[in-house]
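Participant: Dropping the structure in here first, questions after.
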Amino acid sequence: MPPVGGGGGAGVRQLVAVMDLLRSPGGCPWDAEQTHASLVPYALEEAHEVAEAIEAGDRAGMREELGDLLLQVVFHARLAQEHPGDPFDLDDVARGVAAKLVRRHPHVFAVEPGAAAGGGEDAHRRWDQIKKAEKQRTSVLDGIPLAQGALARTQKVLARAARADLGLDVGAVARRHADGEADAGGPAAALGARLLALAAEADAAGIDAEAALRAALRTVESAVRAAEAG
């Protein structure tokens, strides 16, 4: 494990102490009632708000929203401490992800001879390969959340497939599907196929389709607010 950098972590320790107080007897009734499942919507919401602040260039907002997202991690870790059979805490979470980063970056931490990275795409491909072996996955598509938004999930599937060296041109598959559905699948199927082809086009160009659509939507939102203001 590489040496740990400075910074002290006093702020994180303070947050953990506050969360512990809120969750303990005599703390906050709402916090005491929460479960991992009940907090899921908040974690998703905070992640979206972080993305929104970043895309808006809002530094103050980004700092606040990152704090809210960190709170979700600390809250879940505090709940996990109470599990009767398999407890873990925030340190366990942090140590686990630090060890994972070391394992999945052999070109940085010299744990694999001759593993110098060629570039960002090579490092990403190696990450996928190591992750697949660690989790004993049978497909490069295993582990992509079904609940992820359709556009983001589509691009994740396409990117994983493209990096896997399967001899499959996923962009061409998407385009052929779009051409076929345009004639035979009905309006909904044709629209879905065109969206698939657009996602493939974005992936080939290195564009985050979800972020691009959010940016385009902001122009509509601005027009709506301007119309409301008269």
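The values are calculated or read from the model by the stated rules, or taken from the named source; none is laboratory data. On a predicted model such as this, the values are computed, not experimentally measured, just so you know. The accessibility values were calculated without ligands, DNA or RNA, using every heavy atom of the protein model including side chains. Shrake-Rupley method; radii C 1.70, N 1.55, O 1.52, S 1.80 Å.
Participant: Per residue of the range 49-63, what does 6.51 cos²θ - 1.76 cosθ + 1.60 with θ = phi - 60° give for ³J(HN,Hα)? Whole Hz please, x for Gly and Pro, Karplus curve as stated.
Facilitator: Result, ordered by residue: 6, 4, 4, 5, 5, 5, 5, 7, x, 8, 5, 5, x, 5, 4 Hz.
Participant: Something else now. To the nearest 10 square angstrom, what accessible area does Ser222 show with a 1.4 Å probe?
Facilitator: Spelled out: Ser222, probe radius 1.4 Å, area about 70 Å².
Participant: Ordering His76, His48, His36 by how much accessible area each has at a 1.4 Å probe, largest first, what is the list?
Facilitator: On the way: His76 45, His48 125, His36 85 Å².
Putting His76, His48, His36 in descending order of accessible area: His48, His36, His76.
Participant: Return the carbon/sulfur percentage of the accessible area of the range 155-230, one whole number, probe 1.4 Å, all protein chains in place.
Facilitator: Numbers: 2970 of 4930 Å².
Result for the range 155-230: 60 percent of the exposed heavy-atom area is carbon or sulfur.
Participant: In Å², what does the accessible area per residue of the range 3-105 work out to with a 1.4 Å probe? Intermediate results must be reported in sequence, preceding the final value.
Facilitator: Values: 6740 Å² over 103 residues.
In whole numbers, the range 3-105 has 65 Å² accessible per residue.
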